[in-house]
Amino acid sequence: MLTKAKDVVCTFCGCLCDDIILTLDENRIVRVERACANGMGLFKNYNPDLLSPKIRGKEASWEKAIKEASEILSSAKYPLIYGLSSTSSEAQRVSVKLAEALGASIDSTSSVCHGPTGLAMQFVGEPTCTLGEIKNRADLLIFWGCNPIVSHSRHFARYSVMPKGRFVQDGRKGRKMVVIDVRLTQTARVADVFLQVKPGGDFELLVALKALVKGKSLDAVEAGGISTKVLQELVTDMKACRYGMIFFGMGLTMTKGRDLNVRELFSLVKELNDHTKFSALPMRGHGNVTGADQVMSWLCGYPFAVNFSKGYPRYGPGEFSVVDLLCNKETDALLVLASDPVAHLPSKAVDHIMEIPTIVIDPAESLSAKKATVYFPTAMYGVDCEGTAYRMDGVPLRLKAPMKGNRPSDEEVLEAILEGVRRC
Amino acid sequence: MLVIKGGQVYDPINGINGETKDIWIEGGKIVESLGHIPQDVTVIDALGMIVMPGGIDIHAHIAGSKVNTGRKLCPEDHYEHFRMAKGGLRSGVGFTVPTTFLTGYKYAEMGYTTVVEAASAPIVTRHTYEELEDMPILDKAILITLGNNELLMDRIAMGEMDEARDLVAWLLKSAGGYGVKVVNPGGVENWKWGGNVTSWDDEVKYFNLSPRKITKALIKIADELGLPHPVHLHGINLGLPGSDITTAEIIKDACGRLHLCHLQFLSYGKDKKGRMCSGGSYIANLVNEHPNVTLDVGQIVFGNATTMTSDGPLEYRIQKMTGHKWCNDDVECETGGGIVPLEYKITSLSSAIQWITGMELFLLVKDPWSIALTTDHPNAGPFFCYPQIIRLLMDRDYRNYFISLLPPRAFRGSVLKDLDREYSLYEIAIITRAAQAKILGLANKGHLGIGADADVSIYAPENFGKRQCICRFKHCRRALDFPSWVIKGGEVVVKDGVVLNEVPSVVFRVVPSHDESIKDKIREEFEKYYTISFDNYPVQEDYLKNTKEVICG
């Protein structure tokens, strides 16, 4: 018999579109409506059948796997818990509790995406807003170093470029769209204005814009590969708009300058607020990476890169962050929660992962899971288990479980490991 | 069963003023004395000690979106202030913005057992609930920000007051809220275009409304719904010289119950030359004439603070003034928010005037039942500095010494130096317990009568000032800072000033009766202006498991 589930939240990306309609037949999703191609894949290919955990690639009972994982963690001198961004905040909360009990380091994928945004925010602050403010008010949209058409496919339609809002009743026609990127991306193709910054030129460009906003004139004829005249036009638009918005991505945070780029961007937006209303928002990637920042902030006081070896949270980006801990070969056991570091981290870090015992908790048998000493196939948050996730702008949503859950959830496995560690 | 034996009991709601009395506890409640003490009963010997109901904080920012951004924003606030995980208790860090577990422990270690989170936008209240689950021991309640809610303003502007009332009720129910918070009504909406309001009759852009109309409508609605706590108002012009005039105007104009929060920040006068001065005595006298009005002070504590408020334009101004880092967060269709860390310096003229203004309110408001002790944590200072304020109120010599440290120019227009009032322990119990409970409408809190929740704090007078002060203010002296025992819901949670264990807690909320058809009336508009589905908006039952409904009417 076919059943329908409405207003389902898609956790593929930080947009957390919550209007998805699923049609289910015998606990299989047979139809997905409203989702983008990315979201479609998340729901359609998912098989919720109960699977056995694996120890060194061989199927094992849950009890044995929990015992093995607990022993690995409690015998480690410097364990690391990493990932967090593709699971519920309930599971994230337990992972912090586990890190505390172990005296471990804990880091989220923020570390390798918008961690620099966090650092920038800690220096200058962050003038921002929720996505509805953009929908209702923004008449100037600047996308900088991000490609939402590919990465956040429904962002345009639901939140930014297209929608008709309370004070932008003409939708697309009522908004000017600018893209700043090093190449002509798909997003850039649909922009009203595309400014091609030269690779590594973002910081220079930001400084030049800030100077122009402050009313200073530039001696240079260009900055970051863009002519001063064009920049002056952009600044005029920025000052003249009613509500301006800059969305930015890893083109700023993971290129030369990193947090300095974002610091300059936030300062620019701060400066623009002396002339009109302006906000900025990072395009967060994973479904609940914003939740990882939130949970770590309320439990540890810091958003990522935390260490518990002294019994309380200490903050150390560059010291307790995943790439550094692995490349320096400090970590001697790794628990991966809902992430795939073997596929995504630099090869030197992966080399070290290959040398140490790892525990992977993930609905899918990722590359990291295939390599894991212990692998737990868990339920997928928002598909066959419930929970909370935070949208890229911090709006929290309840994740339903449209499918009947057969597998344990991430938090149940983490609780069991915590219990196991306490018994060790 | 637990008996607190032989203490001097301060229980103002029941008129008990320091009399020696045994307190009997069973099943989490205060019960009748059995006359004789059976053998299997735990007895706390409180001989020579002060016994009070657990402390209550009517206005603090402890959890939720804005508070958490404050935590994230200020790692420098945390480095040196930490607590290790120990004995089943969790670790934490933070000075002005502590992590959730630490917040729970620190309040308990001061003898406080109930705290109200003062501002949460309905759309992000799920987040507030998540954090409160991680804040043990304390009973809590959440006020939701409605003063700039666009769907509500539409209805008030069109004069559709029945719909407006139903909407307020539905929002309270949907968010799991306890009361109506109003912050810079209309001003925050205007801030979304970079503006603000400066008078009660300014225009709220595009809404054909004024701050006065919004505020008066909500006061009326809160009364009609029979909410246990009246409108909780953070008015207009906060922090500005001359805010005493606009505050006076709304006090005179309020036809109905009204709670004015952190009123110190809204009671600054302007002298003939346009300079800031204390308007504390002017406002206190007005409060004395208006029994429908209550207030909490929001007293300045010298040292570091983190200002955080839904009043977005205010934080923009503080940022311009200080040059410090600044967060702004406009929340769709509902409210705004901003955060700026700053320091109140004892040598600073304006900080001193702020401090004087708060003290004048404390000492000149005659009826202690209409005034509550707060620091608008962490805006005017952290909550764990309450014992310093208590000492200042109880000890005139200390206060005079303190006054001698302030810049003399700060006293222009102030009467503080002439005030010799000293609060008694009974009055302190009122402003930190009994009045807070009364103003909140929490009938089982703030007293030790039969049937009350068994939240009790017990202090030995010789331990005043015993807790090592972490505020690093060298002139800090304290009272009621180090409870020998704290009992929450009948269980001992603190002994000798230290938390022993966590106990379950609840979040109070209201579900005012309303016409359910309001949902159909707003659904279409909601889906047009918000970016989440209407049916995903209300806080789900999963978050409300540990809540307790307080009946309206």
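Among the numbered criteria (1) crowded, with 24+ Cβ neighbours inside 10 Å; (2) over 25 Å from B:Phe508 (Cα atoms), which single criterion is violated by B:Asn196?
All conditions are met except number (1).
Quick check on the stretch A:172-186. Is at least one of its residues within 14 Å of chain B (Cβ to nearest Cβ), surrounded by 24 or more Cβ atoms within 10 Å (Cβ to Cβ) and in contact with a strand residue (DSSP E or B) (Cβ under 7 Å, 6 or more places away or on another chain)?
No - not one qualifying residue is present in the stretch A:172-186.
Filter the stretch B:517-550 down to the residues that are of a type outside the set (Ser, Thr, Tyr), away from chain A (no Cβ under 12 Å) and touching a residue at least 24 places away in the same chain (Cβ under 8 Å), then identify the one that is nearest to B:Gly87 (Cα to Cα).
So the residue we want is B:Asn546.
Among (1) under 24 Å from A:Phe308 (Cα atoms); (2) more than 8 Å from chain A (Cβ to nearest Cβ), which single condition is B:Arg83 missing?
(2)
A:Cys129: within 14 Å of chain B (Cβ to nearest Cβ), at pLDDT 95 or above and farther than 17 Å from A:Glu415 by Cβ, yes or no?
Values: within 14 Å of chain B (Cβ to nearest Cβ): yes; at pLDDT 95 or above: yes; farther than 17 Å from A:Glu415 by Cβ: yes.
Here the answer is yes, as A:Cys129 does meet what is asked.
If I ask for residues that are aliphatic (A, V, I, L, M) and more than 10 Å from A:Ser366 (Cβ to Cβ), which ones from the stretch A:319-345 would you list?
A:Val322, A:Val323, A:Leu325, A:Leu326, A:Ala333, A:Leu334, A:Leu335, A:Leu337, A:Leu345
If I ask for residues that are among the aliphatic types (A, V, I, L, M) and either farther than 22 Å from A:Arg407 by Cα or at pLDDT below 95 (or both), which ones from the stretch A:41-53 would you list?
Answer for the stretch A:41-53, where residues must be among the aliphatic types (A, V, I, L, M) and either farther than 22 Å from A:Arg407 by Cα or at pLDDT below 95 (or both): just A:Leu42.
When B:Lys270 is evaluated against the numbered criteria (1) in contact with a Cys (Cβ under 9 Å, 6 or more places away or on another chain); (2) in contact (Cβ under 8 Å) with a residue 40 or more places away in the chain, which criterion, by number, is the only one it fails?
(2)
What about A:Asp192, is it within 27 Å of the chain's Cα centre (by Cα), among the charged types (D, E, K, R) and modelled with pLDDT of 95 or more?
Criteria not met by A:Asp192.
Going by what's in this entry, would B:Ile236 be described as assigned to a helix (DSSP H, G or I), within 22 Å of the chain's Cα centre (by Cα) and buried (at least 21 other Cβ atoms within 10 Å of the Cβ)?
no
Does B:Pro512 satisfy the criteria of being surrounded by 15 or more Cβ atoms within 10 Å (Cβ to Cβ) and more than 14 Å from chain A (Cβ to nearest Cβ)?
It is true that B:Pro512 is surrounded by 15 or more Cβ atoms within 10 Å (Cβ to Cβ) and more than 14 Å from chain A (Cβ to nearest Cβ).
Could you say which residue among B:Ile62, B:Ile37 is within 14 Å of chain A (Cβ to nearest Cβ), in contact with a strand residue (DSSP E or B) (Cβ under 9 Å, 6 or more places away or on another chain) and of a type in the set (A, V, I, L, M, F, W, C)?
B:Ile62
How many residues are among the polar types (S, T, N, Q) and either crowded, with 16+ Cβ neighbours inside 10 Å or under 17 Å from A:Ser110 (Cα atoms) (or both) when one looks only at the stretch A:229-266? Give the steps one after another, and end with the answer.
We begin by selecting, within the stretch A:229-266, every residue among the polar types (S, T, N, Q); these are A:232, A:236, A:253, A:255, A:261.
Remaining after also requiring either crowded, with 16+ Cβ neighbours inside 10 Å or under 17 Å from A:Ser110 (Cα atoms) (or both): A:253, A:255, A:261.
Result for the stretch A:229-266: 3.
Pick from the stretch A:224-268 the residues that are among the polar types (S, T, N, Q) and not in a loop (DSSP other than H, G, I, E, B): which of them is nearest to the other protein chains (Cβ to nearest Cβ)? Let's see the steps before the verdict.
If we filter the stretch A:224-268 for residues that are among the polar types (S, T, N, Q), which is where we start, we get A:227-228, A:232, A:236, A:253, A:255, A:261, A:267.
Of the ones still in play, those that are also not in a loop (DSSP other than H, G, I, E, B) are A:227-228, A:232, A:236, A:253, A:261, A:267.
Working: A:Ser227: 29, A:Thr228: 27, A:Gln232: 22, A:Thr236: 17, A:Thr253: 16, A:Asn261: 17, A:Ser267: 10 Å.
It comes out as A:Ser267.
Out of (1) under 30 Å from B:Asp223 (Cα atoms); (2) among the hydrophobic types (A, V, I, L, M, F, W, C); (3) in contact with a Pro (Cβ under 9 Å, 6 or more places away or on another chain), the odd one out for B:Val297 is which?
The number of the failed condition is (3).
Check B:Lys205 against each of (1) touching a residue at least 24 places away in the same chain (Cβ under 8 Å); (2) within 14 Å of chain A (Cβ to nearest Cβ) and name the one condition it does not meet.
(1)
Taking only the stretch B:136-152 into account, find how many residues are at the interface with another protein chain (Cβ under 9 Å from one of its Cβ atoms) and in contact with a Gly (Cβ under 7 Å, 6 or more places away or on another chain).
Result for the stretch B:136-152: 0.
Please go through the stretch A:96-145 and pick out each residue that is among the polar types (S, T, N, Q) and closer than 20 Å to A:Gly394 by Cα.
Within the stretch A:96-145, A:Ser108, A:Thr109, A:Ser110, A:Ser111, A:Thr117, A:Gln122, A:Thr128, A:Thr130, A:Asn136 qualify.
Only one of (1) within 17 Å of the chain's Cα centre (by Cα); (2) among the polar types (S, T, N, Q); (3) not in a helix (DSSP H, G or I) is not met by B:Asn148, so which one is it?
In the conditions (1) within 17 Å of the chain's Cα centre (by Cα); (2) among the polar types (S, T, N, Q); (3) not in a helix (DSSP H, G or I), B:Asn148 misses (1) alone.
Pull out all pairs, ordered by first then second residue, where Cβ-Cβ is under 9 Å, the residues are six or more apart or on different chains, the first lies in the stretch B:461-474 and is at negative phi, and the second is loosely packed, with under 11 Cβ neighbours inside 10 Å and assigned to a loop (DSSP other than H, G, I, E, B).
What qualifies is B:Ile470/B:Glu80.
Let me confirm something: among A:Ala91, A:Ala76, which residue is under 30 Å from A:Tyr312 (Cβ atoms), in contact with an Asp or Glu (Cβ under 9 Å, 6 or more places away or on another chain), surrounded by 24 or more Cβ atoms within 10 Å (Cβ to Cβ) and not β-branched (Val, Ile, Thr)?
On the way: A:Ala76 fails: surrounded by 24 or more Cβ atoms within 10 Å (Cβ to Cβ).
The conditions single out A:Ala91.
So which of B:Pro368, B:Pro378 ends up being closer than 30 Å to A:Gln122 by Cβ and touching a residue at least 24 places away in the same chain (Cβ under 8 Å)?
Result: B:Pro378 is the single residue among B:Pro368, B:Pro378 that is closer than 30 Å to A:Gln122 by Cβ and touching a residue at least 24 places away in the same chain (Cβ under 8 Å).
Which strands (runs of 3 or more DSSP E) sit wholly inside the stretch B:280-341 and have at least 2 residues that are within 9 Å of chain A (Cβ to nearest Cβ)? Lay out the reasoning, then the answer.
Working: elements: B:293-296, B:303-309, B:327-330.
Once the strands (runs of 3 or more DSSP E) in the stretch B:280-341 are filtered for at least 2 residues that are within 9 Å of chain A (Cβ to nearest Cβ), what remains is B:327-330.
Can you tell me how many residues in the stretch B:350-388 are aliphatic (A, V, I, L, M), more than 24 Å from B:Lys106 (Cβ to Cβ) and in contact with a strand residue (DSSP E or B) (Cβ under 8 Å, 6 or more places away or on another chain)?
Number satisfying all stated conditions: 4.
Can you report the number of residues in the stretch B:336-355 which are closer than 19 Å to B:Gly269 by Cβ and either at pLDDT below 95 or over 20 Å from the mean Cα position of the chain (by Cα) (or both)?
So the count comes out to 6.
Can you tell me how many residues in the stretch B:96-135 are more than 9 Å from chain A (Cβ to nearest Cβ), touching a Lys or Arg at 6+ places or on another chain (Cβ under 6 Å) and part of a helix (DSSP H, G or I)?
Looking only at that region, the number is 1.
Can you report the number of residues in the stretch A:40-75 which are of a type in the set (Gly, Ala, Ser), outside any loop (DSSP other than H, G, I, E, B) and without any contact (Cβ under 8 Å) to a residue 40 or more places away in the chain?
Number of matching residues: 1.
The values are calculated or read from the model by the stated rules, or taken from the named source; none is laboratory data. This is a predicted model, so every value here is computed, not measured. Neighbour counts are summed over all protein chains in view; Cβ atoms, including those assigned to glycine, are modelled from backbone coordinates with ideal geometry.
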